[in-house]
Structures are given as structure tokens and as C-alpha cells.
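What follows is a single structure, written as C-alpha cells, with notes after it.
The values are calculated or read from the model by the stated rules, or taken from the named source; none is laboratory data. None of the values given here were measured: they were computed from a predicted structure. Note that each Cβ is placed from the backbone with ideal geometry, even for glycine, and that neighbours are counted across all protein chains shown.
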Amino acid sequence: MLPSAAKVNRAFQPTGLKLLFVLLCKPELANANYRELSQTAGISLGAVGSVINDLQAQAYLVQSANGQRQLRNTTELLNRWVVAYSEKLRPKLVIGQYKALHENWWENVDLGKFNACWSGEIAADKLTRYLKPAVATLYTQEKPNRLILMNSLKASSPDQVNVEIMEQFWYFQDEEIPTLAPPLLVYADLIATANSRNLEAAKLIHDQYLTQLIRAD
């Protein structure tokens, strides 16, 4: 009997996408124990094994004779993650959408005080200096009440939204720029907008930051 599609594609369901994000951003963690992977991806211990098995079944994760695990076909894997993230995981992470009263409100905000980090257009601007951000996307580990109140963010209709607050789903930090999301997520958020200027910025992010995550297979 052939395995069901659901079982075969666990890596590209919401839980699997969280672990896959960790492995793509931190390839060295492919050899971490399951407990560490569980904690870093914020998923159950049992889910780790299922996703690892699925990645191995699809030849995205291989194990050498000495037991070392390594990602393979990383270009394809990264591209599949970006598409699946936009379709399956991102919609589940939206905490709220708001309108800021002032266009450049974010420039003087220290997200470190709110256990949060920038992604999307603001992160792209900080990484490439290519964009003039129109929408602020941020991910947070805590309830955003304080952030919303202190920055006078107001609930808004979809056509007026210029701030989106998302739930952070990973538990590792960029040591160099702790208030920015990992470049892979910045890239994925830009791609999800389908905005031509954002797509150009996404290519810059890819070329400057993601090529180092893609190994020759």
C-alpha cells in the first residue's frame, strides 16, 4: 500500500515547515538531537521524527555512513519552503493587522524591548537600503498589547493596513542583528506580496544572504 500524500508531505505542512525553516537557516542543526530540534522549532518531539523521516524519504536529507545528516537539493527545498510557507503556515501566524498614524513610526522603535523582530519591507530596507517601506511586518514572541498601545497602532480595514503583527515561530536568534528576522523569512515575506519592487528586493536578499545556505549538490 502506498503511503498517503499527507504522510509523505509532512515536511511541507505547518509543523514541518517550522522545522524545515530551522534546518535551512541553521544547516548545522541537521545533526542536533531531536530534543534540541523540538525546542528550536517549537514543535513536539514526536513531530520531529516524522518530519525527519519525510525529508529522508524525499531525498532532501541524507545520512552518511558515519551517521551525519546533511540537507540535499537545497535550492529546490528552499523554493518549496517559500511557496508552502505563504500558503500554509503564514496565514496561521497573523496576530493582527493595523494602521500606523505616522508613516515612519517604526524608525525609532526598539523591537528588542518587545521580544520582536522586523521582517518584510523594513528588514529588506535595513539589509539592502533598496526599499522605502510601505508596510511594516514584525514577528513577536509575546502578546503585542504593549507595542500596539505605545505606538498608537489602530485596528484597520484591509485596504488601510500598513502594519502586520505575526507570531514568531522559531527559537533561535541572529547574533549579528537580533531585531531582524532571518533573511530566509524576509525573502519569503517579500515574495508573498507579489509587489514588483518587493520582488526586486527579494532577489537582492537571495543573492546576498541565501546563496550561502544553498550548497552544491
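Scoring Phe169 on the criteria (1) crowded, with 16+ Cβ neighbours inside 10 Å; (2) free of Cβ contacts under 8 Å to residues at least 40 places away in the same chain leaves a single failure, condition (2). Confirm whether Leu127 is among the hydrophobic types (A, V, I, L, M, F, W, C), closer than 19 Å to Ala192 by Cβ and within 15 Å of the chain's Cα centre (by Cα). Judged against the criteria, Leu127 is not a match.
Residue by residue through the stretch 54-63, note down the ones that are part of a helix (DSSP H, G or I) and touching a residue at least 12 places away in the same chain (Cβ under 8 Å).
Asp54, Leu55, Ala57
Candidates in the stretch 175-188 are the residues that are touching a residue at least 40 places away in the same chain (Cβ under 8 Å) and not in a helix (DSSP H, G or I); of these, the one that is surrounded by the fewest Cβ atoms within 10 Å (Cβ to Cβ) is Pro178. The strands (runs of 3 or more DSSP E) found entirely in the stretch 64-160 that carry 3 or more residues being crowded, with 19+ Cβ neighbours inside 10 Å are 116-119, 136-140. For the stretch 178-201, the count of residues that are among the hydroxyl-bearing types (Ser, Thr, Tyr), over 20 Å from Ser86 (Cβ atoms) and modelled with pLDDT under 95 is nonzero.
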